[in-house]
Amino acid sequence: MAHGSLEEKAELIFNLYDFDKSKYISRDELTILMTNSLCALRSMEMKPPPDQAEIERKTEEFFSASDVDGNERITLDEFTSYIKTDRDVI
């Protein structure tokens, strides 16, 4: 997967965190994704894990920016589109 396209990587991550296989990522599922991602990044940087406030802030930022239609769920297309535009994610 290291040589996969951004779309393939986005789909893999999306499917990993779509726990109920609803074809949407809920706010709760996104919170888990953000917790795992932020903790892993901090660990690689040899820094302490993020606090709950930072996780909630990052989750809200991601959710607000990616839930284009405002239906409180993120589709694979919304997820992929957001990832393509966010320099921090890339």
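The values are calculated or read from the model by the stated rules, or taken from the named source; none is laboratory data. Just so it is clear, the structure is predicted and the values come from calculations on it, not from any experiment. All Cβ positions, glycine included, derive from the backbone under ideal geometry; neighbour counts span all protein chains shown. Ligands, DNA and RNA are stripped out before the accessible areas are found, and what is left, the full protein with its side chains, is counted by its heavy atoms. Shrake-Rupley method; radii C 1.70, N 1.55, O 1.52, S 1.80 Å.
Here is how the numbers come out for the structure above:
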item: Only listed residue being of a type outside the set (Phe, Trp, Tyr) and at pLDDT below 95, chosen from LYS58, LYS47, LYS21; result: LYS58
item: Cβ-Cβ under 8 Å pairs, at least 6 apart or on other chains, region 27-43 side farther than 18 Å from VAL68 by Cβ and polar (S, T, N, Q), far side open to solvent by less than 40 Å² (accessible area, probe 1.4 Å) and in a helix (DSSP H, G or I); result: THR31/ILE55; THR31/THR59; THR35/ILE55
item: Check on GLU7, within 16 Å of ASP77 (Cβ to Cβ) and of a type outside the set (Val, Ile, Thr); result: yes
item: Long-range neighbours under 6 Å by Cβ, at least six apart or interchain, first residue farther than 17 Å from ILE32 by Cα within region 1-19, second part of a helix (DSSP H, G or I) and not small (Gly, Ala, Ser); result: GLU7/THR80
